[in-house]
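Visitor: Okay, here's the structure, questions in a sec.
Every number here is computed from the coordinates shown, using simple stated rules; none is lab data. Just so it is clear, the structure is predicted and the values come from calculations on it, not from any experiment. Note that each Cβ is placed from the backbone with ideal geometry, even for glycine, and that neighbours are counted across all protein chains shown.
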Amino acid sequence: MDFYLWLEGQTLSTWVRESPAIWGYPTILMLHTLGMAVLVGTSAVVSLRVIGVGRTIPLAPLRGLFPVVWAGGGLSFATGALLFGADASTRGTQGLFFAKLAIVATGIVTVALTRRHVFGEIAEPAVVSQTARRLAFVSLLAWVAAITAGRLLAYVE
């Protein structure tokens, strides 16, 4: 708890939490939401295609979406850290918050593993393996669960 209180007391955390400026909490929350939308949206496109939705769409061009996925994840991580710092003593004691982090980690790992299983070093994958399909399905479930847990954090103490 001492660490959480120290973190909340830092100048940046106080500014995020208490600033009346729109550039504080509201903008950081909006950027966090944008980062999650990019992360989840682009990884969902890839996952759905890997599962078999839109079979006429070639897989190879979807490889180019992964830098977008990671950029969205980076934005979400950075802004999430700022939001956590502003309310560390509350969030740091919530099991739901740590469950959300574990679910997000699951989503990130499954996206990375899906990329490796589908694309690897091959320019145009000919066949999508059952393992890749399962990973894509788990990825979709993880992102739905992460978004749900994140929204519940606003209402559960």
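Visitor: When a footprinting reagent is the concern and you count Cβ atoms within 10 Å, what order do THR114, THR148, THR79 take, fewest first?
Guide: Placing the least packed residue first, the sequence is THR148, THR79, THR114.
Visitor: Quote the FRET efficiency, to the nearest 0.05, computed for THR27 versus VAL127 with a Förster distance R0 of 35 Å and r equal to the Cβ-Cβ distance.
Guide: Efficiency computed from Cβ-Cβ geometry: 0.20.
Visitor: Throw me the Rg/Rh for the chain, computed over C-alpha atoms with Kirkwood Rh, two decimals.
Guide: Computed over Cα atoms, the ratio is 1.06.
Visitor: Hey, what did the chain get for relative contact order, percent, Cα under 8 Å, at least 6 apart?
Guide: Taking the mean separation of contacting Cα pairs over the length of the chain, I get 30 percent.
Visitor: Would you calculate the separation in nanometres between label points at ILE57 and SER89, each defined as 7 Å from the Cα along the Cα-to-beta-carbon direction?
Guide: Taking the two extended label points, one gets 4.7 nm.
Visitor: Still on this structure: Please identify the chymotrypsin sites (Phe, Trp or Tyr not before Pro) of region 1-105 that satisfy two criteria: DSSP loop assignment and at most 14 other Cβ atoms within 10 Å. Which are they?
Guide: TRP23
Visitor: Okay, moving on. Which value, in debye to the nearest 20, describes the size of the charge dipole of the chain about its Cα centre when Lys and Arg Cβ atoms bear +1, Asp and Glu Cβ atoms bear -1, and nothing else is charged?
Guide: 680 debye
Visitor: Mind sorting MET36, MET1, MET30 by how few other Cβ atoms lie within 10 Å of their own Cβ, fewest first?
Guide: Least to most surrounded, the residues fall as MET1, MET30, MET36.
Visitor: At 222 nm, what helix-only mean residue ellipticity would the chain give, in deg cm²/dmol to the nearest 500, using -39500 (n - 2.57) for each DSSP H run of four or more?
Guide: Rounded to the nearest 500, it is -24500 deg cm²/dmol.
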